[in-house]
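Have a look at the structure below before the remarks.
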Amino acid sequence: MACEVKEKDRTGVINPIFTCQPAGAQYVSIGVKDCIGLVHGGQGCVMFVRLIFSQHFKESFELASTSLHEDGAVFGALNRVEEGVDVLLMRYPDVKVIPIISTCSTEVIGDDIDGVVRKLNNGLLKEKYAGREVHLIPIHTPSFKGSQVSGYDVAVEAFVKYFAKKGDASDKINLITGWVNPGDVKALKHLLSEMNIEANVLFETESFDSPLIPSENTVSHGETTIEEIADTANAMGTIALNRYEGGNAAKYLESEFQVPAVIGPTPIGIRNTDIFLKNLSKMTGKPISKSLAYERGIALDTLTDLTHMFFAGKKVAIYGNADLVIGLTEFCLDLEMKPVLLLLGDDNKNYVDDPRIKDLQEKVDFDMEVVLNADLWELEDRIKNHGLELDLIMGHSKGRFVAMEYNIPMLRVGFPVFDRAGYFRHPVVGYEGAMWLAEEMANVLFTDMEYKKNKEWILAMW
């Protein structure tokens, strides 16, 4: 019995876990104040990404496209970038930042977005928009490699490299959240507040949960400012919660500006939240507050009520973003569960050397598969053709049909979740996230027990 790490053994993809790199870059762009991303590619490269954002958050977001057509694919389409920048600046007088995000088509034809940025800086911006603050940032995210995860990481690093500027030393830390929900950002800010720590939060997405005010035109948008990104070079240190979603930006700040970097672990569950708080305390010199110790105690009590009676020995399959999957796996192990199948859905070659996966290989005492470059057929195939028995599936809504087909309870977690209400408001990080995850996992299992009449009488006794 051991943890086996292996590649998907097929060339094709059946029911992908992820979407493409430009989606990750677009997610970063909507987290920056006074910023609208311009995606250099076909209209669908924006339309479908906006759709999936809207499905998940139930909000609308501003993103633009150069709307590449057949003639551009043959002759080049940099003129569409020039026109797009001009239209955005005319239509949106408050826009200061326009990341120009490449796609598979524009990378294949070789459009030089770096060159067109230099041309615009020396031409249009000086001639038509003189005196106006405008920042054009080329971001290369070809869709034929990587995924939304690597696209997010590339974009975070691009923003930091462009804006970070050495100045007076700051009392703040940098917190690079990774691809998280508004509820996660709120929970993270709560932890910082309880320790009296100020932070440059990259990226401030709490405001994605926007109010409906009849007298105002409220548009969902992030709140991380240019000044905060610039100040990342002066912080006491950087904590990137995820290795693959902002880790490279943290490394850049350390190498370029000597800002100490701590990467991970993703603070999912008690164990990893404890490490996160200890890292904060060590970096800032501030003690962990008694109020957080109290919150930790409540979380421990919550987990104790559920673990041995309902979770112990339950077999789980988990898929999604690598940092999320590994964090959930560690949490499940702490709950005495058996995560028997982990699906990491892109071609990142570094997963095999991830120390967290190495640790699983050394310590897991049951059969576990970690499948790299996986798709959701890997999940269905093991259930349908190899007799894998599961008590729970954890992942985003794209796997719902597997759960429905094989009558396996499923907890929606990750991105996107579009078939459950309000999940983006609830954190999975911190002590609050540990409680929410455990209680939701339990409730999903309870419902399954009732419908299948599987020891449902226990619920009347519990």
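The values are calculated or read from the model by the stated rules, or taken from the named source; none is laboratory data. Values in this document were obtained by computation on a predicted structure and should not be read as measured data. We place every Cβ from the backbone using ideal geometry, glycine too, and count neighbours over all the protein chains shown.
For this structure, a couple of remarks:
- Going through (1) under 19 Å from MET441 (Cβ atoms); (2) in contact (Cβ under 8 Å) with a residue 40 or more places away in the chain one by one, ASN348 falls short only on (1).
- Across region 428-462, the qualifying residues are those that are surrounded by fewer than 23 Cβ atoms within 10 Å (Cβ to Cβ) and among the hydroxyl-bearing types (Ser, Thr, Tyr), and the one among them that is modelled with the lowest pLDDT is TYR451.
- Candidate set from region 92-112 (those that are under 20 Å from TYR152 (Cα atoms) and crowded, with 21+ Cβ neighbours inside 10 Å); member that is modelled with the lowest pLDDT: THR106
- Among the residues examined, ILE393 qualifies as modelled with pLDDT of 95 or more, among the aliphatic types (A, V, I, L, M) and either in contact with a Gly (Cβ under 8 Å, 6 or more places away or on another chain) or not in a helix (DSSP H, G or I) (or both).
- In this structure, PHE18 qualifies as out of contact with any strand residue (DSSP E or B) (no Cβ under 7 Å at 6 or more places or on another chain), assigned to a loop (DSSP other than H, G, I, E, B) and either on the phi > 0 side of the Ramachandran plot or among the aromatic types (Phe, Trp, Tyr) (or both).
- Within region 199-246, tally of residues that are over 17 Å from the mean Cα position of the chain (by Cα), assigned to a loop (DSSP other than H, G, I, E, B) and among the β-branched types (Val, Ile, Thr): 4
- If you check PHE257, PHE203, PHE208 for being at pLDDT 95 or above and not assigned by TED's automatic domain parsing to the domain that holds LYS33, only one passes: PHE257.
- For GLU7, the requirement of being more than 30 Å from GLU204 (Cβ to Cβ), touching a Leu at 6+ places or on another chain (Cβ under 9 Å), modelled with pLDDT of 90 or more and of a type outside the set (Phe, Trp, Tyr) is met.
- Single residue of region 422-462 satisfying the filter (aromatic (Phe, Trp, Tyr) and more than 25 Å from the chain's Cα centre (by Cα)) that is nearest to ASP323 (Cα to Cα): PHE446
- Cβ-Cβ distances below 6 Å connect the following pairs, each with a first residue in region 419-443 that is closer than 27 Å to ILE288 by Cβ and not assigned by TED's automatic domain parsing to the domain that holds SER54, a second residue that is acidic (Asp, Glu) and crowded, with 23+ Cβ neighbours inside 10 Å, and a separation of six or more residues or different chains: PRO427/ASP184; VAL429/ASP184.
- Filtering region 326-360 to residues that are in a helix (DSSP H, G or I), β-branched (Val, Ile, Thr) and in contact with a strand residue (DSSP E or B) (Cβ under 7 Å, 6 or more places away or on another chain) leaves THR329, VAL352, ILE357.
- Taking the criterion of being in contact (Cβ under 8 Å) with a residue 24 or more places away in the chain and either of a type in the set (Gly, Ala, Ser) or surrounded by fewer than 15 Cβ atoms within 10 Å (Cβ to Cβ) (or both), the residues of region 75-91 that qualify are GLY76, ALA77, GLY84.
- Any hit, region 356-368, residues being under 24 Å from GLY24 (Cα atoms), in contact (Cβ under 8 Å) with a residue 24 or more places away in the chain and either of a type in the set (Phe, Trp, Tyr) or surrounded by fewer than 14 Cβ atoms within 10 Å (Cβ to Cβ) (or both): no
- Among the conditions (1) touching a residue at least 40 places away in the same chain (Cβ under 8 Å); (2) outside any loop (DSSP other than H, G, I, E, B); (3) of a type outside the set (A, V, I, L, M, F, W, C); (4) over 30 Å from ALA421 (Cβ atoms), the only one that ARG118 does not satisfy is (1).
- Within region 260-299, the set of residues being of a type in the set (A, V, I, L, M), more than 23 Å from the chain's Cα centre (by Cα) and either over 22 Å from VAL428 (Cα atoms) or not in a loop (DSSP other than H, G, I, E, B) (or both) comprises MET283, LEU292, ALA293, ILE298, ALA299.
- Among the residues of region 34-58, those identified as assigned to a loop (DSSP other than H, G, I, E, B) and buried (at least 19 other Cβ atoms within 10 Å of the Cβ) are ILE36, GLY37, GLY41, GLY42.
- Within this structure, GLY345 passes the test of being within 21 Å of ASP381 (Cβ to Cβ) and small (Gly, Ala, Ser).
Residue-wise test of (1) outside the structural domain of PRO265 (by TED's automatic domain parsing); (2) in contact with a Leu (Cβ under 7 Å, 6 or more places away or on another chain); (3) farther than 26 Å from GLN258 by Cβ; (4) buried (at least 20 other Cβ atoms within 10 Å of the Cβ).
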position	(1), (2), (3), (4)
ALA158	yes, no, no, yes
ALA164	yes, yes, no, yes
GLY167	yes, no, no, no
LYS186	no, no, yes, no
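- Close pairs (7 angstrom Cβ cut-off, 6 or more residues apart or separate chains): touching a residue at least 24 places away in the same chain (Cβ under 8 Å) in region 95-113, acidic (Asp, Glu) and surrounded by fewer than 24 Cβ atoms within 10 Å (Cβ to Cβ) anywhere: VAL95/ASP34; LYS96/ASP34; LYS96/GLU133; VAL97/ASP34
- Considering residues of region 1-36 that are of a type in the set (Ser, Thr, Tyr) and touching a Phe, Trp or Tyr at 6+ places or on another chain (Cβ under 9 Å) only, the residue farthest from GLY246 (Cα to Cα): THR19
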